1. At 7 Å along the Cα-to-beta-carbon direction for both residue B:211 and residue A:71, put a label point, then send me their distance in nm to one decimal.
2. Assuming R0 = 51 Å, what is the FRET efficiency of residue A:20 and residue B:33, from their Cβ-Cβ distance, to the nearest 0.05?
3. For the protein assembly as shown, would you read off the P(r) tail past 41 Å as a percentage of all alpha carbon pairs?
4. In debye to the nearest 20, how big a dipole does segment B:6-210 give about its Cα centre with +1 on each Lys and Arg Cβ and -1 on each Asp and Glu Cβ?
5. On a 0 to 90° scale, report how tilted helix B:6-42 is relative to the longest principal axis of chain B, with both axes built from alpha carbons and the result rounded to the nearest 10.
6. May I ask you to list the residues of segment A:103-142 whose amide nitrogen lies under 17 Å from a point 7 Å from Cα along the Cα→beta-carbon direction of residue A:179?
7. Go ahead and estimate [θ] at 222 nm for the protein assembly as shown from helices alone: -39,500 (n - 2.57) per DSSP H run with n ≥ 4, summed, over the residue count, rounded to 500.
8. Got the relative contact order for chain B handy, in percent, Cα pairs under 8 Å and 6 or more residues apart?
Amino acid sequence: MPLIAIEDVKKSYGDNEVLKGIRLSVDAGEVIAIIGKSGSGKSTLLRCINGLETINEGSISVAGAYLGTSELELKTLRLKVGMIFQQFNLFPHLSVGRNVMISPMIVKGVSEEEARALAKKNLERVGLAEKFDSFPDQLSGGQQQRVAIARALSMQPQALLCDEITSALDPELVNEVLAVVRSLAEDGMTLLMVTHEMRFAREVCDRVVFMHQGKVHEIGPPEELFTHPKTPELQQFIGMTH
Amino acid sequence: MISFSLWDIVRNLLLAGRWTVLLSLSTFVLGGVVGMLILFARMSKRNFMRQGAKLYIEVFQGTPLLMQLFLIFFGLALFGLEVPAWLAAAIALTLWSASFLAEIWRGCVDAIPRGQWEASSVLAMGHFQQMRHIILPQALRIAIPPTVGFGVQVIKGTAVTSIIGFVELSKAGTVITNATFMPFTVFAIVGLFYFALCWPLSKYSQFLERKFNAAHRH
């Protein structure tokens, strides 16, 4: 039984079909990189998994929670799977600690002390325990993204979706975020990441998904895909990024 | 013939001015509450709520306050519902200001980046939790200057209620003029009173605008 099951998912914006029947299953603990050109549908796929986008056909489930349209179904799904964005999206009016504490408190009804302890633990995990009382605009991009990771972790999800989480960062800040992601992978977190960091994908991921024109074009272990790409599209894509 | 001293005029205007202040305050508070309800309807996921709120806003912004006042004061009387002038004034001003406040605040809510909605969504918050904890606290900061600015409009708007016989500042001005035959003096003082009420508010609004623009914690 896979943790994440994506079955024949189709999605269109008007006449423009962006996902043309996606099938993908992800086991618990797997780390998966989704690569592909812009417009290939990789971000859309990721955003469908936790219901930020609706799908037209097919089904998606995470740990038994199916993607639906009601607020309750979405909530059940989102309790299983967290997400981190390219633009961090921290809550600017709340301190770092409160950013991490708020959702466990109001969504799960965790007590303030418990939420605080959990926040401290997760901020420590991303190396930012001392920033508990800072505000987001006092942090660097890399630090903000690590807070976003701690915030997602504090909901204790079974899987994390990472949507180009290093793309908005200055080059020297990319590694501190990737180091955190790597440690999550080592701890057995299930990760699904859209990324342009090919070297990272190669080193850390169990499988790589190459998307092209709304389909899973090629899929396999990174060594295989990167050293022996079968399709000309992937060959061209890898040629471009190297 | 009775003669009136300046102090007589000022004293009577001051007494009537209490009603202007009271009407402004109650309008502002009640209009704020109704405006908040309209705002939630305007942002609702249900289409009929959104359309209803939109219609409300268009009707109350698209017709003169004077008409609304007449309709409530005289219109309800046609159905045998006698509404005292002060109540008609309070109802009309409340409904009118609610339409403006709802739209001002909607603009502020719209100004909050989409990412804030998405980030709170993926943390499994429901719509009201998002509004209560994430969106409104941020929208409030940018809403304060235009809201205070609208308060000035409300104070001046209360003058319209003199037409249905509610004795606030403007009506008192008319009454005193009729007794003293000193329209220039009387209305100059009335004008000064309005200015004394509005000017500090406008200044405060400008101050807030500067403050929130300078210390930009988004």
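1. 3.4
2. Values: r = 50 Å, r/R0 = 0.98.
So, using R0 = 51 Å, E works out to roughly 0.55.
3. Details: 40287 of 105570 pairs.
Across the protein assembly as shown, Cα pairs with separations above 41 Å total 38 percent.
4. Around 480 debye, computed over segment B:6-210.
5. Helix B:6-42 sits roughly 20 degrees off the main axis of chain B.
6. What the label zone holds, given the 17 Å backbone N cut-off, is A:123-131, A:140-142.
7. Dividing the helical sum by the residues of the protein assembly as shown leaves -18500 deg cm²/dmol.
8. Contact order relative to length: 28 percent.
Rule-based calculations on the coordinates, nothing more; no lab input. All figures in this text were calculated on a predicted structure; none of them were measured in a lab. Reconstructed Cβ throughout: ideal geometry from the backbone, glycine too, with neighbour counts over all protein chains shown.
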